[in-house]
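Notes follow once the structure below has been shown.
Just so it is clear, none of the values below were taken in a lab; they were calculated from the coordinates. Worth saying up front: this structure is predicted, and the values here are computed from it rather than measured. All Cβ positions, even for glycine, are placed from backbone atoms using ideal geometry, and neighbour counts span all protein chains on display.
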Amino acid sequence: MAAYLVRRAILLALSLAVSSVALFVLLRVLPGDPANALLDMGATPAQAAAARHELGTDLPPAQQFGGWLRDLARLDLGRSLVSSLPVASEIAGRLHVTVPLTVLAFLLAVLIAVPTGFLVALRRGTWYGTLLAGVSQLGLAVPVFWVGMLLVTVFALRLRWLPAGGFPAEDWAAPAAALTSLLLPVVTIALVMSASLTRYVHSAALDVLDSDYLRTARALGAPLRAALLRHGLRNAAAPVVPILAIELASTFLGAVVVENVFALPGLGSMLVRAFAQHDYPVIQGVLTLSTAAVLTIGFVADTAQRLIDPRLRRTATGTSA
Amino acid sequence: MRSRALVAGCVLLGGVVAIAMVSALWTPYDPADTSGGRLEPPGPEHWLGTDRLGRDLLTQLMIGARVALSIGAGAVALGGALGLLAGIAAGFAVRWLDDMMAVVLDLLIAFPTLLLAMLVIAARRGSLLSAVTAIGLAMTAVVARPARQQVKRVLAQDYVTAARTSGTSWPGIVAGHVLPNIWPALAVNLALQLGRAVLAEAGLSYLGLGPPPPNASWGHMLREAQATVLVAPGDIVAPGLLLVLLVIGVNLLADGVREVADPLLRGRW
Amino acid sequence: MSVVMLSVAACVSSPGGGASASCALSVGSLYEPQNLDNAGGGGQGAAEALAGNVYEALFRLTEAGAVEKSLASEYTVSPDGLTYTFALRQGVRFHSGTPMTSADVRHSLRRILAGTSTSSRKNSLDMIKSVDAPDDHTVVVRLSSRSISLIYNLSQVWIVNHTLADPKTAEDGTGPYRLASWKRGATLTMERFGGYWGASPKCGQVTFRYYTEAAALNNALLSGAVDVVTSVQSPDALAPFSDTSAFRITEGTSTTKLLLAFNCRRAPFDKPLVRRAVSAAIDDAKLLRSIWGDRGMVIGSMVPPADPWYEDLSGKNAYDVEAAKRMLAEAGYPGGFPMTLDTPQYDPHPTIAEFVKSELAKVGITVTINIISADEWYSRIFQHHDFAATLQEHVNDRDIRYYGDPGFYWGYDNPEVSDLIRRSESAKTTREQTELLRRANHEIVEDAASDWLYLNPQIVVASARVTGYAANAVQAQFPVYGIDKR
């Protein structure tokens, strides 16, 4: 296990390093000029050159890369080319929205998917098993922003129960307002995400229900529920955990579209804007952070999977094979 | 052939394909015809009403089917080909290279399609081809990962090992053993990916990153409808509904194919 | 802790009069500042939130467009019009507490005139030869040539404390509000400044909330998250606000003109006849109705009603498909021609491009719509002039002068117009200036230098509890110091 951990940690660091360098190069190769975001109609070519000089984007790429490495060594993500504010503090502000949004949506999705998946598996062939299956099938096919639009139209614009978008200026100092403004987006993501999760849980549950040990346990007189709780959940969890990790990771930045529907000041909307303005330090900062988060989540999930299912410890590669 | 899923999937997908084909020959109005009123409600003249410029929404909806299917198919072709190649390469690769590819695939899967699309569009502007490239590239890892596992499984079979030691070249192994064994799973995966590609395209267009007009896609229609939702709330229904039906159709088709290929899986989705 | 101290300070210093300390105003906007400096890329958002509220200039523009003295209490002009002497208002303090002196004014002007300046005002202040501060309350500005617009242009030069290190990330102005916090992507909060020299503002706290989508912004007003929306970008958002006593809609005039700009350097748009044909082939009124319902106006030139030299020229090159066909034939393009229309990707440009495409198809011109990012627009079109025709919003006031510059992106080169515009700047009276610019405008319209599709309306929607806001958009500012909320 220790060797495995070390190996995974090295791989994690290595892939982070490679992906940041690749991103650095890619961003500078792509056409685009950050100075453009700072100039108004009527600026002269001399002023454009002055702006580039001020930003340091007129330096040779090798020199820019050196500066970036030096900053990074001091754990400094640099400053935004557009706002001049430190990237780290800008990201920190956005995490107040993105992290609760992701985590809450994820928890709600799990809360919906696990019972539904098991129920559908247990009630194979009954009418509400079929109904639940159908609903989940629907959830797989709905674009997440459409769900958001429909929910906004109904609950915010028609019924006026909930805000249609935005996040309180007081941030989490106003917890009730913050939670209310996250409610619709959380439900939107969770509804769509739970559909695909249900599918995996259902599949895992079927495997468990059809398994010999569960049949044996039931044959020995254990009630189904107790047997399921004792043996089923653990065994069903093993294949589902890595899927959960992928879903969690993709929600993290995949929330861009939902943040857009609900006008939430999260990482996603920050990234979209930074891309439009070629604000390299911001793009680099957000993507480095998100890659690290995604890789770490995957790492934790794989480790958890091994703890749940000892059989996997024998295979050496950490990828969820 | 007693799979209900297969039949239902064929009907739904066939319906959308039919709409797309009809739209190539005939639409109620010319898509550029701005003779209608501003945001007219549905009526006998315009069954689904008109947009801000007075253009017929039914016409746009029909053309949207064509855009959705062509981008979906193009992305699946690109992502499927690249993914299969990568999967086979990883399956044949030596241990350390395979490990590395596995890590890269994990990384790519975690990289949201949207970001990839933004990079592609930054490099070469929004167009049909950009959308196909972005979505296809994003799909590559999703196709390659299970393909890699299946290839490895096939290669581990005794008769394949025997063939390899007896000197059959690797293209021979791929053609003779690997492809015939992995195609059912691959086909199912690709069908599922078609649905995802269609959803991804809608998302891109909704954010304004999709192909430019006149390739009016359903995502673009929804973006427009959101801007006018207070005046014409009905306009957000039709494009979304058709999108959902198409994706359900494709998913059912995938399930059907799997059931037919592997009867043991019946009842699963 | 610091936030608490700030609000305590604001409460203590607020005068006991009518101002309600509890009044907290929330303003919704689509234009977040990019940074806090209007001379360093802050953009439209910086002007909207900070001009007049946080920063002040020597002069200020009234809502009607007149120039008033602000931080300058008096000024004199030498007979040759080349030396301006400004007396500064006394007793003015910056938010940091230090008094404003001529050194600050000199610094504020010089940083815009400097070689490294990226300010868009640099060009219009180019005739300034020197700025001197003979004593603490006097500033002398010497010009190399007469500038009738100097006072007007000075209303855009914020007076910044000369000790402020980086005006992009912090502020030190003299306005009635001081910046309390700025959460990028979400809110900018300002609080009443106790040491303000003028009348204390009504609301103790003002929060600008920023949205990226117009729909979300309107929803926010509807659900009460904001009290007032600075400029509504779609008429379709107005329906729920129009028939209730809870909201008030005002329509004022803006200076935002939507242009179909031709590259006058290149065939076929180097021919005025072709440009006129294209202008005549597009039904501007129908386009305006599509985008803005029954709001906004077709003005037929670059000059909006807010500019003193405005005239209604919508009758020139009016919509006439047959005339357009005739002119095309006369210009040597009887069957039309293919063209590419570079279109910024943000609303409403793509929609307008589709309309233009369908209109021009009627005269045989086939349009290929090329959607581009703002960045590409700026690099390729604005800086390198590599385009045939493009759509663009021009938001500035008094920007007819760009037609006098053959190096501007559209490359309109008419020596007579350039001369008229140059002479107008050195005019002795505003009447003379107005007369010269009107003549220039007629020439420009005659040549159809661009196709001026329409002028945006300036629509403000507010909760009925809110009073005292400006209906017109003057240089993108949104003064909040006069606003009261019950």
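Here are the numbers:
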| quantity | calculated |
| --- | --- |
| With 10 Å bins from 0: P(r) over the protein assembly as shown, alpha-carbon pairs, percent | 2, 9, 18, 22, 20, 14, 9, 4, 2, 0, 0, 0 |
| Unit charges at the beta carbon, dipole of the stretch A:1-128: most positive-side option, A:PRO61, A:ALA3, A:ALA46 | A:ALA3 |
| Point-charge dipole on Cβ atoms (K/R +1, D/E -1) for the stretch A:74-204, about Cα centre, debye to 20 | 400 debye |
| For the stretch B:9-81, with +1 on Lys and Arg beta carbons and -1 on Asp and Glu, the positive-most of B:THR27, B:LEU78, B:VAL17 along the dipole | B:LEU78 |
| Per residue Cα convex hull volume in Å³ - calculated over the stretch C:37-188 | 114 Å³ |
| Equivalent ellipsoid semi-axes - Cα gyration tensor, the stretch C:182-235, angstrom | 26, 13, 9 |
| Under 18 Å from the A:ALA49 label point (7 Å along Cα→beta-carbon), backbone N, the stretch C:389-414 | C:407-408 |
| Average silhouette area of the stretch C:258-314, convex hull of alpha-carbon atoms, in square nanometres | 4.6 nm² |
| Net charge contributed by nearby residues that have their C-beta within less than 11 Å of A:PRO239 (K/R +1, D/E -1) | -2 |
| Alpha carbon convex hull of chain C, projected area averaged over orientations, nm² | 22.9 nm² |
| C-alpha long axis of helix A:61-73 to longest principal axis of chain A, angle in ° | 60 degrees |
| Relative contact order [Cα under 8 Å, 6+ residues apart], the stretch A:93-313, whole percent | 28 percent |
| Value of Rg/Rh across chain B [Cα atoms, Kirkwood radius] | 1.07 |
| Check: the stretch A:1-74 dipole with +1 on Lys, Arg Cβ and -1 on Asp, Glu Cβ, in debye | 520 debye |
| Computed helical MRE - 222 nm, chain C, DSSP H runs ≥ 4 contributing -39500 (n - 2.57), nearest 500 | -7000 deg cm²/dmol |
| For C:GLN477, net neighbour charge (Lys/Arg +1, Asp/Glu -1) across residues whose Cβ lies under 13 Å away | -3 |
| Averaged over A:268-281, number of beta-carbon atoms from partner chains that fall within 10 Å | 4 |
| Förster radius 41 Å - calculated FRET efficiency between B:TRP96 and A:ARG74 (Cβ-Cβ, nearest 0.05) | 0.75 |
| Kirkwood hydrodynamic radius of the stretch B:147-269, from inverse mean 1/r over distinct Cα pairs, in Å | 17.6 Å |
| For the stretch C:401-486, diffusion coefficient by Stokes-Einstein and Kirkwood Rh (Cα), 4 °C, 1.567 mPa s, µm²/s | 81 µm²/s |
| Net dipole in debye of the protein assembly as shown [+1 Lys, Arg Cβ; -1 Asp, Glu Cβ; about Cα centre; nearest 20] | 3600 debye |
| Burial order of peptide ranges B:59-66, A:101-108 (average beta-carbon count within 10 Å, highest first) | B:59-66, A:101-108 |
| For C:SER73, distant residues with modelled amide H under 5 Å away | C:ALA87, C:LEU88, C:ARG89 |
| Computed E for C:ALA464/C:ARG423 - FRET, C-beta separation, R0 41 angstrom, nearest 0.05 | 0.25 |
| Pairwise FRET efficiency - C:ASN123 versus C:ASP386, Cβ, R0 = 22 Å, nearest 0.05 | 0.45 |
| Over the stretch A:1-74, equivalent-ellipsoid semi-axes from the Cα gyration tensor in Å | 38, 12, 9 |
| Structure-based [θ]222 nm, chain B - -39500 (n - 2.57) summed over DSSP H runs of at least 4, per residue, nearest 500 | -24000 deg cm²/dmol |
| Hydrodynamic radius (Kirkwood) for the stretch B:36-84, which is based on Cα pairs only, to one decimal in Å | 12.4 Å |
| In Å, descending, principal axis extents of the Cα set of the stretch C:348-431 | 47, 30, 22 |
| Gaussian network model of chain B, Cα within-10 Å springs - most flexible of B:PRO180, B:PRO212, B:PRO239 | B:PRO180 |
| D (Stokes-Einstein, µm²/s), Kirkwood Cα radius, the stretch B:2-72, 1.567 mPa s at 4 °C | 98 µm²/s |
| D_trans [Stokes-Einstein, Kirkwood Rh over alpha-carbon pairs] for the stretch A:93-313, 4 °C, 1.567 mPa s, µm² s⁻¹ | 68 µm²/s |
| Which of A:LEU138, B:GLY172, B:ALA138, positive extreme of dipole for the protein assembly as shown (C-beta unit charges) | B:GLY172 |
